[in-house]
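Asker: Just dropping this structure here.
The values are calculated or read from the model by the stated rules, or taken from the named source; none is laboratory data. Being a predicted model, the structure only gives us computed values, none of them experimental. Glycine also receives a Cβ, built like all others from the backbone with ideal geometry; neighbour counts cover every protein chain displayed.
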């Protein structure tokens, strides 16, 4: 009985990723002196937070069978809004609300077009990605925003018990959404929509509302990640967040969420984000040229998914 | 009137044609310098590079099974760098270098195809991974050890290399007349007149049925991903010749624009549906839009924004009109 339970754990994708993380951590701490240092680890966590926070929302979107390639632009747009207000001297609380609000509005817009306009998610979010990028340029006028007041930078750089505050927030969000997805009716509905939309509809789930919900949440989370980004780096540029969408999707996919929908966990995505972050960090410490970072991440994505596929074949036969 | 509207909605190509003509008229009337022989021929050369990538996406998306190729921009970049390094740094014969570049494109596309077909990993994931891998390889190739550890562009090409990207025949850019139009014709023959075309649509619209009727599904898919690699490589060669420089970041972001054009052209993201006529019109519309906006003095960054609006707007309009007709 416990034997099969144990096997079940071993078979889970999260376990594969966790195993890889452990192997890498051991490897890097043996080969480099700095990897295990407090400053390096907290630096690693700082850089991870934005990806991990957005990955929560992306996980839900992908579980419903959708995709959102506009997260990078959403993060960028929210950071423009936050940056402008911060430099304008508005209160941090108002800035927080505005960043969340900007993301939420974008998410609602995406969700409405997808749920009520019947436009495929990849098309809506591709379009949104380009539109937002142009708007960002318009708002910034080709200049940077810098000179972010130090008070707000606590969200991006501050620490509590040695761990960055942004990581604490990430952990709280992960815990909440894990509970939400496994135990709340709307959370279960998200899986149902991804597994079998027709069956979900017949059993009384409002497909449109569920779809709208996941895109709105992702938008708001990406907006928050934008604020964290501004607080961490202190700079906003026109290309802020470009390419971020693929990073988030890579983390989610590495974490075992099926791109076909219906399967995945936010903890898996967090582990996926960690895996990518640790590899990047370790390579810098090992003085591997940053150029080959993509090579390693790409090969890793293929290998980890292939392990899944081979395992699934083994189970079938 | 309603029947005309219905017909236009049902027929994507006609819808795009109307959009194209409307845009053309608007620009011709309102933008000075637009309706001149020089401008009209000149702008076609900008459509070629993105157009080849859009055709690549068309083939891959048509093949179904979640078919998509996110790596076209990276393949373009790596081929540009291979050609650039072979000619500019190694000093190899340009023709041979270009040939090797095209082979490299085919090889990378083939690898994508094999991974998609034989391992069961979804195209989205395979090509997301290869986007990273090829981009990274392009950066590594671009490093010139003589000038330190950073990737560097290559720009010392012989004069003959610029022929493809910068010369004109009877006022029409060489790459349009001698590469783009022949490629379109060949793909049209492939899709509409060959058995392979029937197989491709069959595989894309119903994989199981195609399998049971004896079509080698894997081979069809490997072929389209390989073609995608070749088309991206062509694009990489042309762009390098036109701007007279091989840059290690040249293709970044192209993949999403290419997908946008293919979808705008009426290729269903689910596969098996779409025509080359639609995609060619999609390319024409976007080229026109970019050019008209540029002449009107609108900043280049708005090209992207307008692309997004056209994409979402056209698909949304289609859906709304379709839904209204059903009632």
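Residue by residue, here is whether (1) at pLDDT 90 or above; (2) touching a helix residue (DSSP H, G or I) at 6+ places or on another chain (Cβ under 9 Å); (3) closer than 26 Å to residue B:242 by Cα holds:
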residue	(1), (2), (3)
B:13	no, yes, no
B:19	no, yes, no
B:33	no, yes, yes
B:49	yes, yes, yes
B:53	yes, yes, yes
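Asker: Within the group A:126, A:96, which residue is within 12 Å of chain B (Cβ to nearest Cβ), within 23 Å of the chain's Cα centre (by Cα) and either at pLDDT 95 or above or assigned to a helix (DSSP H, G or I) (or both)?
Answerer: Just a single option satisfies the conditions, and that option is A:126.
Asker: Kindly evaluate residue B:263 against the criterion of being in contact with a helix residue (DSSP H, G or I) (Cβ under 6 Å, 6 or more places away or on another chain), buried (at least 19 other Cβ atoms within 10 Å of the Cβ), farther than 21 Å from residue B:112 by Cβ and at the interface with chain A (Cβ under 8 Å from one of its Cβ atoms).
Answerer: no
Asker: Filter segment B:99-120 down to residues that are within 11 Å of chain A (Cβ to nearest Cβ) and under 15 Å from residue B:74 (Cβ atoms) and give me whichever is surrounded by the most Cβ atoms within 10 Å (Cβ to Cβ).
Answerer: Result: B:112.
Asker: Residues being surrounded by fewer than 17 Cβ atoms within 10 Å (Cβ to Cβ) and in a helix (DSSP H, G or I): count how many of those fall in segment B:24-34.
Answerer: Final tally of qualifying residues: 5.
Asker: Sort out which residues of segment B:286-300 are within 11 Å of chain A (Cβ to nearest Cβ) and within 18 Å of residue B:49 (Cα to Cα), and write them in order of number.
Answerer: Result: B:300, single match.
Asker: Restricting attention to segment A:99-123, and to residues there that are within 7 Å of chain B (Cβ to nearest Cβ) and in a helix (DSSP H, G or I), which single residue is farthest from the chain's Cα centre (by Cα)? First the steps, then the outcome.
Answerer: We begin by selecting, within segment A:99-123, every residue within 7 Å of chain B (Cβ to nearest Cβ); these are A:113, A:117-120, A:122-123.
Of the ones still in play, those that are also in a helix (DSSP H, G or I) are A:113, A:122-123.
Values: A:113: 22, A:122: 17, A:123: 20 Å.
It comes out as A:113.
Asker: Please give the number of the condition residue A:155 fails out of (1) surrounded by 13 or more Cβ atoms within 10 Å (Cβ to Cβ); (2) more than 10 Å from chain B (Cβ to nearest Cβ); (3) assigned to a loop (DSSP other than H, G, I, E, B).
Answerer: (3)
Asker: Continuing with this model, one more query. Determine whether residue A:89 is outside any helix (DSSP H, G or I), surrounded by fewer than 19 Cβ atoms within 10 Å (Cβ to Cβ) and more than 14 Å from every other protein chain (Cβ to nearest Cβ).
Answerer: Working: outside any helix (DSSP H, G or I): yes; surrounded by fewer than 19 Cβ atoms within 10 Å (Cβ to Cβ): yes; more than 14 Å from every other protein chain (Cβ to nearest Cβ): yes.
For residue A:89, the condition - outside any helix (DSSP H, G or I), surrounded by fewer than 19 Cβ atoms within 10 Å (Cβ to Cβ) and more than 14 Å from every other protein chain (Cβ to nearest Cβ) - is met.
Asker: When segment B:159-181 is examined, which residues are found to be under 15 Å from the mean Cα position of the chain (by Cα) and free of Cβ contacts under 8 Å to residues at least 60 places away in the same chain?
Answerer: Passing the criteria: only B:181.
Asker: Output yes when any residue across segment B:142-149 is surrounded by 22 or more Cβ atoms within 10 Å (Cβ to Cβ), part of a helix (DSSP H, G or I) and over 20 Å from the mean Cα position of the chain (by Cα), and no when none is. Walk me through how you get there before you give the answer.
Answerer: Restricting attention to segment B:142-149, the residues satisfying the condition of being surrounded by 22 or more Cβ atoms within 10 Å (Cβ to Cβ) are B:142.
Going one step further and asking which of them are part of a helix (DSSP H, G or I), we end up with B:142.
If we keep only those that are over 20 Å from the mean Cα position of the chain (by Cα) too, we end up with B:142.
Checked segment B:142-149: at least one residue is surrounded by 22 or more Cβ atoms within 10 Å (Cβ to Cβ), part of a helix (DSSP H, G or I) and over 20 Å from the mean Cα position of the chain (by Cα).
Asker: Using the structure shown, decide if residue A:297 is at pLDDT 85 or above and within 11 Å of chain B (Cβ to nearest Cβ).
Answerer: no
Asker: Inside segment B:35-67, can you point out the residues that are outside any helix (DSSP H, G or I) and buried (at least 24 other Cβ atoms within 10 Å of the Cβ)? Lay out the reasoning, then the answer.
Answerer: As a first pass, look at segment B:35-67 and keep what is outside any helix (DSSP H, G or I): B:35-36, B:63-67.
Once the filter is applied, which keeps residues that are outside any helix (DSSP H, G or I) and buried (at least 24 other Cβ atoms within 10 Å of the Cβ), segment B:35-67 yields B:63, B:64, B:67.
Asker: Can you pull out the residues in segment B:112-124 that are assigned to a helix (DSSP H, G or I) and closer than 21 Å to residue A:249 by Cβ?
Answerer: Those that are assigned to a helix (DSSP H, G or I) and closer than 21 Å to residue A:249 by Cβ: B:112, B:115, B:116, B:119, B:123, B:124.
Asker: Filter segment A:202-212 down to the residues that are surrounded by fewer than 21 Cβ atoms within 10 Å (Cβ to Cβ) and either in a helix (DSSP H, G or I) or within 14 Å of another protein chain (Cβ to nearest Cβ) (or both) and list them by number.
Answerer: A:202, A:207, A:208, A:209, A:212
Asker: Among what's in segment B:68-98 and is closer than 26 Å to residue B:126 by Cα and in contact with a strand residue (DSSP E or B) (Cβ under 6 Å, 6 or more places away or on another chain), pick the residue that is surrounded by the fewest Cβ atoms within 10 Å (Cβ to Cβ).
Answerer: B:81
Asker: What do you reckon, is residue A:186 closer than 22 Å to residue A:261 by Cα, assigned to a helix (DSSP H, G or I), away from chain B (no Cβ under 14 Å) and over 20 Å from the mean Cα position of the chain (by Cα)? Step through it out loud before you land on a result.
Answerer: On the way: closer than 22 Å to residue A:261 by Cα: yes; assigned to a helix (DSSP H, G or I): yes; away from chain B (no Cβ under 14 Å): yes; over 20 Å from the mean Cα position of the chain (by Cα): yes.
Yes; evaluated as a whole, the condition is true for this residue.
Asker: Moving to a separate point now. Please enumerate the residues belonging to segment B:2-14 that are under 30 Å from residue B:220 (Cα atoms) and part of a helix (DSSP H, G or I). It would help to see each step written out before you state the result.
Answerer: At the first step, the residues of segment B:2-14 found to be under 30 Å from residue B:220 (Cα atoms) are B:10-14.
Across segment B:2-14, the qualifying residues are B:10, B:12, B:13, B:14.
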